[in-house]
Amino acid sequence: MSTDALPKPDFRAPNTSKRPPRAVADGPGGMILAVAEVAGSPEEVFRALTTDEIERWWRWPGLYHQKDWKAELRVQGPWSVTVELADGGQVRAWGEFCEVDAPRKLVMTRRFDAHPFLGDRETTITYHFEPTPTGTRITVRDEGFIGRAEAANGNAEIWEKVLGWLDAHLASAQTA
């Protein structure tokens, strides 16, 4: 049997040699904490989250993908992206960078014009990047969900997917 006929692994799944990404929501406290070990150096991970490279990997096939990423990577610099839904609808996301300490830490605000659970509520995302022997440990703290426990729980699940997609993207870049 040819290896071409074998099913290919889902590129979004976390690398099997590492623990899958984990996220927990503190609904009453209004925050999410997520952690994953991903392929790539802290510099590569930082770049994947702060440049239009994000359009190549932050996508949920059959549901949405991101396009039109724009960012001024500096404190108080704006960023924006369009989330294009599978049905053709669009949601705009935007915010500003609050702290930029490449490649160790990134703090940014995020707001959507039509989020089903958050409405137009702004959240603050803090990323920490730590080098590991096999890549980078990324810790994500997403705050601003007070009074919206359902949104915190739903977004915790999404952060696990996003960090898995990021890991798969960076791992495939290393093997290319």
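The values are calculated or read from the model by the stated rules, or taken from the named source; none is laboratory data. Keep in mind that this is a model prediction, so the values were computed, not measured. With ideal geometry, Cβ positions are generated from the backbone for all residues, glycine too; neighbour counts draw on all protein chains shown. The protein model used for the area step is the full one, side chains on, heavy atoms only, and it has no ligands, DNA or RNA in it. Shrake-Rupley method; radii C 1.70, N 1.55, O 1.52, S 1.80 Å.
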Review point. Do we have any residue at all in the range 48-69 that's open to solvent by less than 70 Å² (accessible area, probe 1.4 Å), in a strand (DSSP E or B) and out of contact with any helix residue (DSSP H, G or I) (no Cβ under 9 Å at 6 or more places or on another chain)?
Key: yes
Point to revise | Considering residues of the range 120-145 that are in a strand (DSSP E or B) and open to solvent by 30 Å² or more (accessible area, probe 1.4 Å) only, the residue nearest to Asp167 (Cα to Cα) | key: Arg137
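Hey, among Pro131, Pro116, which residue is out of contact with any strand residue (DSSP E or B) (no Cβ under 7 Å at 6 or more places or on another chain) and at pLDDT 95 or above?
On the way: Pro116 fails: at pLDDT 95 or above.
Step by step, each of Pro131, Pro116 is checked, and only Pro131 is out of contact with any strand residue (DSSP E or B) (no Cβ under 7 Å at 6 or more places or on another chain) and at pLDDT 95 or above.
Confirm whether Thr109 is over 19 Å from Ala48 (Cβ atoms), touching a strand residue (DSSP E or B) at 6+ places or on another chain (Cβ under 9 Å) and part of a strand (DSSP E or B).
Working: over 19 Å from Ala48 (Cβ atoms): yes; touching a strand residue (DSSP E or B) at 6+ places or on another chain (Cβ under 9 Å): yes; part of a strand (DSSP E or B): yes.
Criteria met by Thr109.
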Check your understanding: What do you reckon, is Glu43 under 27 Å from Gly147 (Cα atoms) and open to solvent by 30 Å² or more (accessible area, probe 1.4 Å)?
Key -> no
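Can you find a residue that is touching a Cys at 6+ places or on another chain (Cβ under 7 Å) and crowded, with 17+ Cβ neighbours inside 10 Å anywhere in the range 97-108?
Here is the first cut: in the range 97-108, the residues touching a Cys at 6+ places or on another chain (Cβ under 7 Å) are 107-108.
Add one more test, that the residue is crowded, with 17+ Cβ neighbours inside 10 Å, and what stays is 107-108.
Yes: the range 97-108 contains one or more residues that are touching a Cys at 6+ places or on another chain (Cβ under 7 Å) and crowded, with 17+ Cβ neighbours inside 10 Å.
Is it true that Val75 is surrounded by 15 or more Cβ atoms within 10 Å (Cβ to Cβ), within 20 Å of Thr123 (Cα to Cα) and modelled with pLDDT of 95 or more?
Values: surrounded by 15 or more Cβ atoms within 10 Å (Cβ to Cβ): no; within 20 Å of Thr123 (Cα to Cα): yes; modelled with pLDDT of 95 or more: yes.
Criteria not met by Val75.
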